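Have a look at the structure below before the remarks.
The values are calculated or read from the model by the stated rules, or taken from the named source; none is laboratory data. Nothing here was measured: the structure is a model prediction, and the numbers come from that model. Neighbour counts are summed over all protein chains in view; Cβ atoms, including those assigned to glycine, are modelled from backbone coordinates with ideal geometry.
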Amino acid sequence: MGNHPIEALMKTTMESLKDMVDVNTIVGDPVETPDGTVIIPISQVSFGFASGGGEYHASKSNRRTGEDTEAGDKMPFAGGTGAGVSVQPVAFMVVGNGQMKLLPVDQNANMIDNIINFTPKLLDKIQSMSEKRGEKKSNKTVIQTEVIDD
């Protein structure tokens, strides 16, 4: 299979993305403070890539010149590629004084994490409360049946 023009477009775009995004983009360069604490930025990287193209069929006769095209002529190709990259800081890793902390940038995200972590405990409490109420009610439960004769 011969090289198609879209392959060259895709290769160029992917190589450019590879040059822009590497592991140092996600985990940034460490910064050392005067007291010896090291701060490492951590980012979220998102990227998208699109490529497309098409070959356009030429008629047997060229409309402008009126000349016939040969059967072996290549069809004209039109194509394009595009890519987008988004780098968003999400946290800072702080290492110093014998400990390591991960400080999230978005406080709302931290609040959501806390809610998610607290949810199982809350469900356990609700379940235990309903079980206790169920035990109290089970002593008072009355089952009533009716028989209807036709």
Worksheet item: Among the residues of region 40-63, is any surrounded by 11 or more Cβ atoms within 10 Å (Cβ to Cβ), farther than 30 Å from K11 by Cα and at pLDDT 80 or above?
Response: yes
Response to the item:
I112 passes all but one of the listed conditions (1) modelled with pLDDT under 85; (2) part of a helix (DSSP H, G or I); (3) among the β-branched types (V, I, T); (4) over 27 Å from the mean Cα position of the chain (by Cα); the exception is number (4)
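Within region 79-100, track down each residue that is closer than 27 Å to V21 by Cβ and surrounded by 13 or more Cβ atoms within 10 Å (Cβ to Cβ). Spell out the reasoning first.
In the first step, residues of region 79-100 are kept if they are closer than 27 Å to V21 by Cβ; the result is 79-95, 100.
If the condition is that a residue be closer than 27 Å to V21 by Cβ and surrounded by 13 or more Cβ atoms within 10 Å (Cβ to Cβ), then G79, T81, A83, V85, V87, P89, V90, A91, F92, M93, V94, V95 are the ones that fit.
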Practice prompt. Being among the charged types (D, E, K, R) and in a loop (DSSP other than H, G, I, E, B) is the filter; apply it to region 1-38 and report the residue that is farthest from M93 (Cα to Cα).
Written response: D22
